[in-house]
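To start, the structure under review is shown below, and the notes come after it.
The values are calculated or read from the model by the stated rules, or taken from the named source; none is laboratory data. For clarity, every value in this text was computed on a predicted model and none was experimentally measured. Here the Cβ is made from the backbone with ideal geometry for all residues, glycine too, and neighbour counts use every protein chain on show.
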Protein chains: 2
Amino acid sequence: MQKLPGFRDFYPNECAFRNYIFETWRRVARNYAFQEYDGPTLEPTDLYRKKSGEELKTQLFRFNDPGERDVCMRPEMTPTLTRLVAARERDFRKPIKWFSIAPFFRFEKAQRGRLREFYQINCDLIGDASPAADAELLALAVALFRAFGLTQSDFYVRLNNRELWARFLTDRGFPPERLSEFLAIVDKLERDEESTTAKKLGAFGLSLGELKQFLATPTDQLPGFEDLFRELRLRELEPFIQVDLTIVRGLDYYTGLVFEVFDRSRQNRALAGGGRYDGLIKTVSDGAVDLPAAGFAIGDVVLGNLIEEIESARAWAEAYCRAARLQAFVIVAAEERRPEALKLVEQLRSRGCATDYSLHPMKVGKQFQQAEALGAQYALVVGQEWPLLKMKRLADRVEETVSLPELTQKLGLSPAYVPHPYL
Amino acid sequence: MQKLPGFRDFYPNECAFRNYIFETWRRVARNYAFQEYDGPTLEPTDLYRKKSGEELKTQLFRFNDPGERDVCMRPEMTPTLTRLVAARERDFRKPIKWFSIAPFFRFEKAQRGRLREFYQINCDLIGDASPAADAELLALAVALFRAFGLTQSDFYVRLNNRELWARFLTDRGFPPERLSEFLAIVDKLERDEESTTAKKLGAFGLSLGELKQFLATPTDQLPGFEDLFRELRLRELEPFIQVDLTIVRGLDYYTGLVFEVFDRSRQNRALAGGGRYDGLIKTVSDGAVDLPAAGFAIGDVVLGNLIEEIESARAWAEAYCRAARLQAFVIVAAEERRPEALKLVEQLRSRGCATDYSLHPMKVGKQFQQAEALGAQYALVVGQEWPLLKMKRLADRVEETVSLPELTQKLGLSPAYVPHPYL
């Protein structure tokens, strides 16, 4: 029996790495005062049809459920988010700052950095259209990478404002309706041959040279970035951010700020992407709710690859996964003390200490081997000296004899069964 | 736009409650030295066909994917788990102690305690068939409820061993093949009218009286529980556990121990169910891997309902959710200090403190209101006294003037950008 192509099994090591990513995302988003939400894994297909009236993409996991409803496994979060906000926006103080961590499904050709089931953190700030809001969102985006030990030499944000291209076209006498056709050309700039681009631009009566000249405009001569960059400077985020007019994002609904995050080596796909979508909630809610909004998503696959590639980031991941493993392994050195050992095991566990032991009698040496194999921090030896016991730190084999109260103190144990020993 | 029936939206309050359940499950399972794993949300339908050769259930979200594969949104974890274990069992030390927290999908009539998308923690212990293994698993099951503040007056485990019924039938001359037909009668005992049960028993030439007499056997006269109960007594778990011969579990593949967890009031459906399935891995792996195993699952829906019903448990949940909210709200009392305030916000966030502020200039009173509304623990006022600031605990309005180093110490901040400030 095989799993489906493009889907993943998470054995304990891979699951610990995935949890490291999720727990780090969650912690950072909470620190930025974003609140977590979620929606169903399965949604009515109509929800995705509504979004800016676009054609349904072909890569959906779409089917009729046993009740003959046309349904989709969610390919992205934004439609669900706009549904949630439109339904209850009055219940929430603005700006609404929300995030979610969830799996998504797209039937794409499986390849490096792209899978059929993948996870994203989606972060959105709704109800504020100011540069301060854009900066707040960008600050979170940057922090979500720095929290993995990634630095400004590892990643950067490529940022643009679609209005610059709108003005570029207007200045040359084109009507606004042609913007999305034009942005499709810009979007493909990096992948297309120059001759292909030149041919496409021909349809607009524009030359490649004219385009290149505009692309090379120095940042300080581009209008509309002053307020944003003042906000970013106050947060010391400038080293992470670069204006890049080629970034336009593929989707029609973006209205202002757009950005993507890349690793500096540019060996990987985009790590994140997002932007401002001020008209979308109105569209999806059929005009019932009109709120400006901006958001972005980071996927787990490309980020995971980057963490593996950057040595310091990989070391942080390993340290985290190690610390989340076993704290104590209780060794029964005298079988007649097994009852006391079992009670100790239960006590430790109920007081927040991850503890294991051998289910069956076993030589002491074997039990130590088991403790080492499981990555326990301490071996606690219950033997003839009970109620004293030997506490051995396995990393450096430092050993001491301790009483139970001393053990409690050394392991930093909380009282048994409290609401949240880790908070 | 509506969500699908039987599916849930998780607005921030509901999502915080869901996270409380997941984080508590994860912490307790880790404390019991179980390691987390996961598999795909979508699996080939054949995976579910293999399991004990049973008929496919009708309530599957089953369809052909765009590549014409017959696939199912996973309705349960055990088939995925057995696939993972069978593929790589040599890589893992026995006993394998694993858990997962994941969503499942069943097309059932939506009703109280039963939804079409729900979450379960699945815990399994593989490679050990002893009563010590059964006790280890039961200890985890009990701890997974106690960790929510539920006590022995709130819930209990109803426990049985299928071999008792096997012997009951053998003693009366029936062949082993008729066991599952017979267990189906026992399984329905609580829901069927006595006359219906009597009629069904007639097919076995047995009387209702004979059955009732066996059901009433005192626990200490039932064979096979001695070792298990000695193990449970050592862990002080007896008050949580009751032998109940009517518990047999619906599924064919259980071989020995079976149990279900109920609330004492019996107002809700089963909170959890599980048992020993020593032959299943062999069946699913076509004989390639033969390992004894036992496991159980707890769903989030019935548990969530019970937590809401039991006042002390609800209080624990609320305390947890409150503590996970905002720690600090930075108030800009003098606009010329906004740059310093923004730097402080970023500093606090990068050092593990959940912090918010007003994106725009606002009267100080309004900012305090916002801090209260967001549930912040502290308001930090940046004004003329900078670099001193006012720190006000919002719960009791105690206020003091602090320097930045003092603030760092009082909030218990970690250094900026460390791998895991919370570990």
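See the values below:
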| item | result |
| --- | --- |
| Residue within segment A:206-224 that is under 30 Å from residue B:347 (Cα atoms) and within 14 Å of chain B (Cβ to nearest Cβ) present | no |
| Filtered residues of segment B:1-44 (kept if touching a His at 6+ places or on another chain (Cβ under 9 Å) and at the interface with another protein chain (Cβ under 7 Å from one of its Cβ atoms)) | B:27 |
| Qualifying residue in segment B:231-250 (condition: modelled with pLDDT under 95 and within 18 Å of residue B:79 (Cα to Cα)) | yes |
| Criterion: touching a Gly at 6+ places or on another chain (Cβ under 7 Å) and farther than 11 Å from residue B:245 by Cβ - qualifying residue of B:187, B:192, B:227 | B:187 |
| Residue check for residue B:16: farther than 24 Å from residue B:115 by Cα and crowded, with 17+ Cβ neighbours inside 10 Å | no |
| Tally of residues being closer than 30 Å to residue B:349 by Cβ and not in a helix (DSSP H, G or I) across segment A:9-52 | 9 |
| Number of the condition not met by residue A:73 [criteria: (1) modelled with pLDDT under 95; (2) within 10 Å of chain B (Cβ to nearest Cβ)] | (1) |
| Output for segment A:81-118, where each listed residue is modelled with pLDDT of 95 or more and either among the β-branched types (Val, Ile, Thr) or not assigned by TED's automatic domain parsing to the domain that holds residue A:133 (or both) | A:85, A:96, A:101 |
| Odd one out for residue A:48 among (1) at the interface with chain B (Cβ under 8 Å from one of its Cβ atoms); (2) in contact with a strand residue (DSSP E or B) (Cβ under 9 Å, 6 or more places away or on another chain); (3) on the phi < 0 side of the Ramachandran plot | (1) |
| Any helices (runs of 4 or more DSSP H) falling wholly within segment A:311-423 and containing at least 3 residues that are within 9 Å of another protein chain (Cβ to nearest Cβ) | A:311-323, A:338-350 |
| Qualifying position, being out of contact with any helix residue (DSSP H, G or I) (no Cβ under 7 Å at 6 or more places or on another chain), exposed (fewer than 14 other Cβ atoms within 10 Å of the Cβ) and on the phi > 0 side of the Ramachandran plot, among A:397, A:322 | A:397 |
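Yes or no, residue by residue, for (1) out of contact with any strand residue (DSSP E or B) (no Cβ under 7 Å at 6 or more places or on another chain); (2) more than 28 Å from residue B:97 (Cβ to Cβ); (3) assigned by TED's automatic domain parsing to the domain that holds residue B:313:
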| residue | (1), (2), (3) |
| --- | --- |
| B:140 | no, no, yes |
| B:148 | yes, no, yes |
| B:158 | no, no, yes |
| B:172 | yes, yes, yes |
| B:181 | yes, yes, yes |
| B:188 | yes, yes, yes |
| B:195 | yes, yes, yes |
| B:200 | yes, yes, yes |
